[in-house]
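Okay, so here's the structure we're looking at.
We did not get these values from a lab; they are worked out from the coordinates using the rules stated. Only a predicted model underlies this, so the values are computations on that prediction, with no experimental measurement involved. Cβ placement follows ideal geometry from the backbone for every residue including glycine, while neighbour counts extend to all protein chains displayed.
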Amino acid sequence: MFEDYQGWFKENRASILEDFFAFLRFPTISSDLSHKKDMLLCTNWLVSYLEKMKMDVEIWETSGHPSVFAYRLTGGEEAPTLLFYGHYDVQPVEPLEEWKTSPFEPQLIEGKVYARGAVDNKGQGFYTMLGIKAFLELAKNSRLNIKVLMEGEEEVGSSGLEGILRYKKHALSADHVFIVDLDMYEEHIPAVTLGIRGVAVLNVTVRNACVNSHSGIYGGVLVNPAQALTVAVGKMWDAKGNVTIPHFYDGMKIFNKKELEHFDWTLDLKKRASSIGARALQKESNRSLLESNWIRPTLEINGMQSGYTEGGFQTIIPSQATVHFSCRLVEGQSPGEVVKAIKSFLACHLPEGLDVKFDGGHGTEGLITSPHSKTARSTIIAYERLFHTRCRSVLCGATIPIVPMLSKICGGEIVMIGLGLPTDGMHAPNESFGLDRFEKGFLSITQILEGFSEG
């Protein structure tokens, strides 16, 4: 059967690329309301594509952009139910001048497809649908119930889908859940991701005067919001990289040696960082780089804004300063409590009289799943058959906001898979996806489906 799927892909290659490029052309930037029409057009395209696969399809309206849900329940009550998750929204394209090709006009160059969403997540979502399509056409025994969920707000936190999930519990119930939005261990070596960190975000703005002030007339008199904020923020870490905010670490899961031995700890993060030109690395005291990235929480400054930053000089005391924070959280930490702790810390360390405003504060929890689940073991077998090498069980420092809640709602075992690589430029200019890995992704889905169909 493996050769049949390879032949199917080769025979249909022209139409596959045509459909893939059509999918990529929709500028589905979920964070930009000016693209709302494009989001709806892409939704309708997905509905049409899935209906041609002879799946039943529903559009789920949310408080934001809609989700598309499709299902084919021909296996019967005794057959396993598999749910595949992906998202059709993408990141903004700025800085546009750094793109070598138009981000929403896909180009195939030296075996790679260049476009926004080429890998994250339209590419991985499309090869998932394609694998299901081929399986439904070719499988001799399709004793499976198959469901697909494609959401439109992953890149902005999934709040719309989260708001309706509890009403969709029956529709989403599944024995095995596949989040197809992750990476390989490294090129030619697949991985199954069994844990991700959660996230919490917070923006803080500190204001003093109504306007920027003359630094000569008011220098030494007015509290400078930029200085006050940077001094307070600088106290959030000690010299060893530990977060000093009281209660920041409350509730976090502490892993014992036996729990950690099931995961592969040989990934070279220093090598991965060098692929993006990074030279300076840090880690928490007494922790390895991987431990710091996979199983420890972090507090990061995402950006700071204040005063005059153009060429030349403008001798002022800025009227306000803003800092953007994000935290990566591990299982057991509450995003709400972490944000509360940060707010309390800043209230104690900023000078009296300043106007302090907080924005954001939303987040999601971290999640670790079992390395012994049937879902994980079957996926590992499928990958090893396809790549002819050992599949690694890993964790991930990143966040997919909807996953923890999906895990609770669906009720089944969950794994996170994908064939992305750091060099694909996810979230960056010139995002790309190699067609060789696109085809391997397609074949991986067919082999997962075949494996479960065979029992």
Given H placed 1.01 Å from N in the peptide plane, which residues other than close sequence neighbours of Val180 have an amide H under 5 Å from its amide H? Tyr85, Ile417
Can you figure out the FRET efficiency of Asn430 with Ile217, using R₀ = 35 Å and their beta-carbon distance, to the nearest 0.05? 0.15
Across segment 113-270, what fraction of all alpha-carbon pairs, as a whole percent, falls in each successive 10 Å bin from zero upward? 6, 19, 25, 23, 14, 9, 3, 1, 0
Subtract the Cα-Cα distance of Val231 and Trp265 from 0.36 nm times their separation in residues, and report this length gain in nm to one decimal. 8.6 nm
How big is Rg to Rh over the chain, alpha-carbon atoms, Rh as the Kirkwood inverse-mean-distance radius? 1.00
Angle between the chain longest axis and helix 13-25 axis [Cα atoms, degrees, rounded to 10]: 30
On the formula 1/(1 + (r/R0)^6), with r taken between the Cβ atoms of Leu281 and Arg385 and R0 of 30 Å, the FRET efficiency rounded to 0.05 is 0.25
Can you find, among Tyr88, Thr315, Pro429, the residue sitting farthest towards the positive end of the charge dipole of the chain, where Lys and Arg contribute +1 and Asp and Glu -1 at Cβ? Thr315
Angle, helix 374-387 long axis vs. longest principal axis of the chain, Cα atoms, 0 to 90°, nearest 10? 80
Segment 411-422 - phi-based ³J(HN,Hα) in whole Hz, Karplus 6.51/-1.76/1.60, Gly and Pro as x: x, x, 6, 10, 9, 10, 9, x, 10, x, 9, x
Using 32 Å as the Cα-Cα cut-off, could you pick out the over-long pairs in Lys122/Lys240; Lys36/Lys374; Lys283/Lys343; Lys37/Lys340; Lys133/Lys253; Lys122/Lys343? Lys122/Lys240; Lys36/Lys374; Lys37/Lys340; Lys133/Lys253; Lys122/Lys343
FRET efficiency, Leu40 to Ser159 (Cβ-Cβ, R0 25 Å, nearest 0.05): 0.85
Label-point gap, in nm, between Glu98 and Lys140 - each point 7 angstrom along Cα→Cβ: 5.2
Over segment 301-440, what is the mean sequence separation of C-alpha contacts under 8 Å (at least six apart), divided by residue count, expressed as relative contact order in percent? 18
Calculate one ³J(HN,Hα) per residue across segment 329-336 by plugging θ = phi - 60° into the Karplus curve 6.51 cos²θ - 1.76 cosθ + 1.60, and present them in order as whole Hz with x for glycine and proline. 10, 9, 3, x, 7, 9, x, x
Output for segment 83-183: GluC sites (Glu not before Pro) sitting in coil per DSSP, at most 16 other Cβ within 10 Å, listed by number, reads Glu110
Taking only DSSP H segments of four or more residues, each worth -39500 (n - 2.57), what value at 222 nm results for the chain once the sum is divided by all its residues, to the nearest 500 deg cm²/dmol? -10000 deg cm²/dmol
Let me have the relative contact order for segment 1-136, percent, based on Cα pairs under 8 Å that are six or more residues apart. 25
Cα-based helix-to-principal-axis angle, 36-52 vs the chain, degrees rounded to 10: 20
In nm, to one decimal, how far is the modelled label at Glu187 from the one at Thr244, with both set 7 Å along Cα→Cβ? 4.4
Check Gly397: other-chain or 5+ apart residues with amide H under 5 Å from its amide H, H built from backbone geometry? none
Per DSSP, the loop-located trypsin sites (Lys or Arg not before Pro) within segment 94-151 having at most 16 other beta carbons within 10 Å are Lys100, Lys140, Arg143
For segment 159-174, Karplus couplings with θ = phi - 60° (6.51, -1.76, 1.60), whole Hz, Gly/Pro x: 5, x, 5, 4, x, 10, 4, 5, 7, 10, 4, 5, 4, 8, 4, 7
Can you give me the distance in nm between label points at Arg166 and Asp56, each placed 7 Å from the Cα along the Cα-to-Cβ direction? 2.5
Assuming 0.692 mPa s and 37 °C, estimate D for segment 108-153 with Stokes-Einstein, Rh taken as the Kirkwood radius over Cα pairs, in µm²/s. 261
Taking 8 Å as the Cα distance limit and 6 or more residues as the minimum spacing, I'd like the relative contact order of the chain as a percentage. 26
What is the antiparallel percent of DSSP beta bridges lying wholly in the chain, to the nearest 5? 70
Fewest-first ordering of Glu58, Glu261 by Cβ atoms within 10 Å yields Glu261, Glu58
